[in-house]
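S.K.: Below you will find the structure I want to go over with you.
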Amino acid sequence: MFTISRNLSISLVTIALAIACPAANAANPKAANHPLCKSIAQGKIQASTGAQSFCFGAQVNAPVRQLNAPVTSSGTAMFRTNVDAASLAEDVSPGGVRAFGQSETSIASAGSYVVEAWNDSTGFFSPCPSPKHKEQLTGFGFSNNGGNSFKDLGGTPVADCNTTINEGDPAVEAYTVGGKTYFYISQITIPFNIAENGIGLNACQVVGSGSTATLSCNNTILAAISSDCFQGFFCSFLDKDFITIDPGRKRLYISYTEFGVNTVSFAGQVEVAVCDISTPMAPVCSNGSAGAQAPPYIVVAHGNPNCESEGSYPGVDRTTGDLYVAYEFNWATNLFNLFSCGNVPTKEVVTRLPKSCLPASGSSPCSPPFTHNSVKIVSMDSAFIPGYNRFPMNDFPRIAVSHPKGTVSVVWNDAGKNPLGNILLQSFALGSLSRIQSKPVALNSDVGAFNWHFLPAVRQASGTGLINVSWYDRRNNPGTALTDVFSALNVDPRTTATPSSNFQVNDATSNWLAVSSDIIPNFGDYTDNYLTTLGLYVAWSDGRIGEPQPFSTRSR
C-alpha cells in the first residue's frame with residue numbers, strides 16, 4: 001500500500017487533461033493563444049464539448065477491449081424500436097475520410113415532425129465548403145413520420161463557411177403557429193470576421209405535409225455575442241447554450257455561460273438572450289442580431305471570480321411568462337482551484353426571472369440578485385466512468401416547469417449516497433422558489449445498488465403536470481462499460497418517494513470500451529427528451545455499431 005501526495009495527485013490530473021487537450025485547433029484561428037483554451041489545457045477551468053472542439057479540434061478515443069453486448073431491435077416494453085437519426089453515408093468527408101463521432105443529442109417534435117441535432121465530428125475532416133455544410137460541427141436530421149426514420153441533413157447551414165463555423169453543443173425547440181411548424185437549433189458559433197464569439201441560431205420550417213414534408217433551414221444568425229473583450233485581442237467565449245420557447249409571447253430564450261476575459265468573471269457568468277419570433281423564420285435576437293459587441297440581454301447571476309458557473313438550462317412558465325434558469329455552481333473548480341473553491345459547496349442553483357424583467361428586445365432593466373434557491377450536491381466531477389472519455393464528469397441540472405403542480409424541478413446525477421451516481425429530483429414552488437421536498441428524491445428504482453446512473457434529461461411537464469426523466473444507466477451489467485438508457489415516467493414533481501420501477505428506453509446495449517470516437521466526450525455530456533401528444537421522445541448517443549451515433553425513440 002502506498003499514498004500519493006495531494007500535490008502529486010493534482011499534477012497527475014493536470015497531465016491527464018493536457019494529454020486529452022494537447023494543442024490549439026489549427027483549423028480555428030481564434031483558438032491560438034485564446035485564454036479559455038490555455039486555461040482548459042492547464043486544468044484551471046472546464047467547458048463544453050463545443051468549447052473543446054473550438055480549442056483543440058478532433059480528439060481521438062480508441063477502443064480499449066471487447067465485451068459481449070446483447071443486441072435486439074424490437075423496442076422495449078414502453079418504447080418503440082430505436083432509430084439512428086444520422087446516415088453513415090453522411091459521415092464521410094469529400095476527401096473520403098470516415099468520421100467517428102456523432103454525440104451530444106437534442107430533440108424536439110411537433111405532431112409527426114421531429115428534429116434531432118448532435119455534435120458531428122465529420123466537420124473536423126471536411127474542407128470549406130463541403131456538400132450539405134459538412135464542414136460544420138453541428139449535424140441534424142429530420143423525420144416526417146413520428147421518428148420512425150430520419151433524413152440526415154448534414155451540417156447546420158451558414159452563409160459563408162470562410163467566416164462562420166458552428167461548433168456544436170446543439171439544442172432544439174419546436175414551434176407551431178398559423179398552421180405551420182418551425183424548428184430552431186442553437187449552437188456555439190464562431191464568426192471569423194469579427195473579434196467576438198457567439199451563440200448561433202438556425203430557423204427552420206417544415207415545407208409540405210405528411211410523408212413528403214421536408215425541412216428548410218435559414219443560415220445561422222448570431223443570437224448572442226461576446227460582451228467582454230480585452231483590448232481587441234480576445235473576446236469572451238459563450239458556452240453551453242440551451243433554449244426554450246414561450247409560444248404565447250412569441251419568445252425564444254437561450255441560456256448560456258459567458259467566460260470573460262476582462263470585466264466578466266473568468267470563471268463564468270450565467271446569462272440569457274432573447275429572440276422575438278413574431279416572424280418565425282426571421283428571429284430578432286437581443287444580444288446578437290446586430291453582429292457587434294453588446295451587453296447581455298439579462299444577467300442571471302454575477303459570476304464568482306474563482307468558482308465556475310456552468311451548465312445552465314432554461315424553463316418558462318407559459319402561464320405567467322416567468323423564466324427559470326438552473327445551473328451548477330462550483331463545477332470543476334471544486335477540483336482544480338482548491339485554494340479558492342475547495343471549501344465552497346457545490347450547488348444546483350435555480351433563479352426566477354420575472355416576466356416584468358423580460359422585454360421583447362433590448363436589454364433588461366433588471367439586474368441580479370433575483371429570487372433564487374439552491375441545493376447542495378455531492379459532485380461526480382472527479383469520477384472516471386469506464387468507457388466515458390471525458391474528465392471531469394458533470395452534474396448539470398436539467399429543468400422542467402409544471403404549472404398544474406405549481407413547481408419548477410431540477411434533476412441531476414449525484415454521488416452522495418451512491419459513488420456511481422443516483423438521479424435526484426428537487427422541486428421548488430413557482431414564484432417563491434421555496435423547497436417542495438425537504439431533501440432530494442432518487443428517481444432510479446435501484447437506489448440501493450451501486451450502479452452507474454448519469455446525464456439525466458427532462459424538458460416539459462404533461463397537461464396534468466407530471467414529468468418524465470431519462471438517463472444513462474448500467475444496472476443491467478454492473479461492473480462493465482455496457483450502457484443502457486432508462487427512464488422514470490409520469491413522475492409527480494411533488495413526490496417524496498422513489499418510483500417502484502423504471503423503464504428501459506434502448507433496445508440494444510452500447511459497449512463503450514469497444515467504441516471508436518474522434519470526439520470527446522464520446523457519448524456526449526448531455527442527453528435529451530421531449531414530450532408531445534404522440535408520446536415521449538428520448539435522444540442519446542449510442543455506440544451499438546462501434547462508433548457514436550445519435551439515436552432516438554418514442555414511447556409506445
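S.K.: With the condition kept exactly as written, say whether any residue in the stretch 436-445 is assigned to a loop (DSSP other than H, G, I, E, B), under 21 Å from V325 (Cα atoms) and of a type in the set (A, V, I, L, M, F, W, C).
M.R.: Yes, the conditions are met somewhere in the stretch 436-445.
S.K.: Working only within the stretch 284-314, note down all residues that are assigned to a loop (DSSP other than H, G, I, E, B) and of a type in the set (F, W, Y).
M.R.: Y297
S.K.: Condition test on A24, is it crowded, with 19+ Cβ neighbours inside 10 Å and modelled with pLDDT under 80?
M.R.: yes
S.K.: If I filter the stretch 42-54 down to residues being among the small types (G, A, S) and at pLDDT 85 or above, which single residue comes out as farthest from N119 (Cα to Cα)?
M.R.: Among residues in the stretch 42-54 that are among the small types (G, A, S) and at pLDDT 85 or above, the one farthest from N119 (Cα to Cα) is A47.
S.K.: Go through (1) without any contact (Cβ under 8 Å) to a residue 24 or more places away in the chain; (2) touching a helix residue (DSSP H, G or I) at 6+ places or on another chain (Cβ under 6 Å) and name the single condition G179 misses.
M.R.: Condition not satisfied by G179: (2).
S.K.: Name the residue that is surrounded by the most Cβ atoms within 10 Å (Cβ to Cβ), counting only residues in the stretch 161-179 that are of a type in the set (G, A, S) and in a strand (DSSP E or B).
M.R.: Step one: list which residues in the stretch 161-179 are of a type in the set (G, A, S), which gives 168, 171, 174, 178-179.
Those still in the list that are in a strand (DSSP E or B) too: 168, 171, 174.
Working: G168: 31, A171: 26, A174: 22.
Applying the filter and picking the extreme gives G168.
S.K.: Please indicate, with yes or no, whether at least one residue in the stretch 180-190 is modelled with pLDDT of 95 or more and not in a strand (DSSP E or B).
M.R.: No, the stretch 180-190 contains no residue that is modelled with pLDDT of 95 or more and not in a strand (DSSP E or B).
S.K.: Pairs needed: first member in the stretch 74-85, touching a residue at least 24 places away in the same chain (Cβ under 8 Å) and within 10 Å of S149 (Cα to Cα); second member anywhere, of a type in the set (S, T, Y) and buried (at least 18 other Cβ atoms within 10 Å of the Cβ); C-beta distance under 7 Å; at least 6 residues apart or different chains.
M.R.: From residues that are touching a residue at least 24 places away in the same chain (Cβ under 8 Å) and within 10 Å of S149 (Cα to Cα), the pairs are N82/T553; V83/S552; V83/T553; A85/S552.
S.K.: Shifting gears a bit: Looking only at the stretch 396-411, which residues are over 16 Å from S255 (Cβ atoms) and assigned to a strand (DSSP E or B)?
M.R.: Within the stretch 396-411, S402, T407, S409, V411 meet the criteria.
S.K.: Here's a follow-up. Given (1) under 23 Å from I107 (Cβ atoms); (2) of a type outside the set (A, V, I, L, M, F, W, C); (3) surrounded by fewer than 16 Cβ atoms within 10 Å (Cβ to Cβ), where does Q231 come up short, assuming only one miss?
M.R.: Checking Q231 against (1) under 23 Å from I107 (Cβ atoms); (2) of a type outside the set (A, V, I, L, M, F, W, C); (3) surrounded by fewer than 16 Cβ atoms within 10 Å (Cβ to Cβ), the one that fails is (1).
S.K.: What residue, of E167, E173, is in contact with a Leu (Cβ under 6 Å, 6 or more places away or on another chain), touching a residue at least 60 places away in the same chain (Cβ under 8 Å) and not hydrophobic (A, V, I, L, M, F, W, C)?
M.R.: Among E167, E173, only E167 is in contact with a Leu (Cβ under 6 Å, 6 or more places away or on another chain), touching a residue at least 60 places away in the same chain (Cβ under 8 Å) and not hydrophobic (A, V, I, L, M, F, W, C).
S.K.: Moving on. Quick check on my filter: what residues within the stretch 372-386 are touching a Ser or Thr at 6+ places or on another chain (Cβ under 7 Å) and part of a loop (DSSP other than H, G, I, E, B)?
M.R.: I377, S379
S.K.: Here is a list: N343, N334. Which entry is among the polar types (S, T, N, Q), touching a helix residue (DSSP H, G or I) at 6+ places or on another chain (Cβ under 6 Å), modelled with pLDDT of 95 or more and not in a strand (DSSP E or B)?
M.R.: Numbers: N343 fails: touching a helix residue (DSSP H, G or I) at 6+ places or on another chain (Cβ under 6 Å).
N334 is the lone residue from the list that is among the polar types (S, T, N, Q), touching a helix residue (DSSP H, G or I) at 6+ places or on another chain (Cβ under 6 Å), modelled with pLDDT of 95 or more and not in a strand (DSSP E or B).
S.K.: As an exercise: evaluate K347 against (1) over 20 Å from the mean Cα position of the chain (by Cα); (2) free of Cβ contacts under 8 Å to residues at least 40 places away in the same chain and give the number of the one condition it does not meet.
M.R.: (1)
Rundown of residues vs (1) under 24 Å from Y297 (Cβ atoms); (2) touching a Ser or Thr at 6+ places or on another chain (Cβ under 6 Å), yes/no style:
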position: I190; (1), (2): yes, no
position: G198; (1), (2): yes, yes
position: L215; (1), (2): no, no
position: N219; (1), (2): yes, no
position: S227; (1), (2): yes, no
position: G232; (1), (2): yes, no
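S.K.: Only one of A332, A383 is out of contact with any strand residue (DSSP E or B) (no Cβ under 7 Å at 6 or more places or on another chain) and at positive phi; which?
M.R.: A332
S.K.: For the stretch 461-476, give me each residue that is surrounded by 19 or more Cβ atoms within 10 Å (Cβ to Cβ) and among the polar types (S, T, N, Q).
M.R.: The answer is N468, S470.
The values are calculated or read from the model by the stated rules, or taken from the named source; none is laboratory data. Note that the structure is a prediction, hence the values are computed from the model and not measured. Virtual Cβ from ideal backbone geometry, glycine too; neighbours counted across all protein chains shown.
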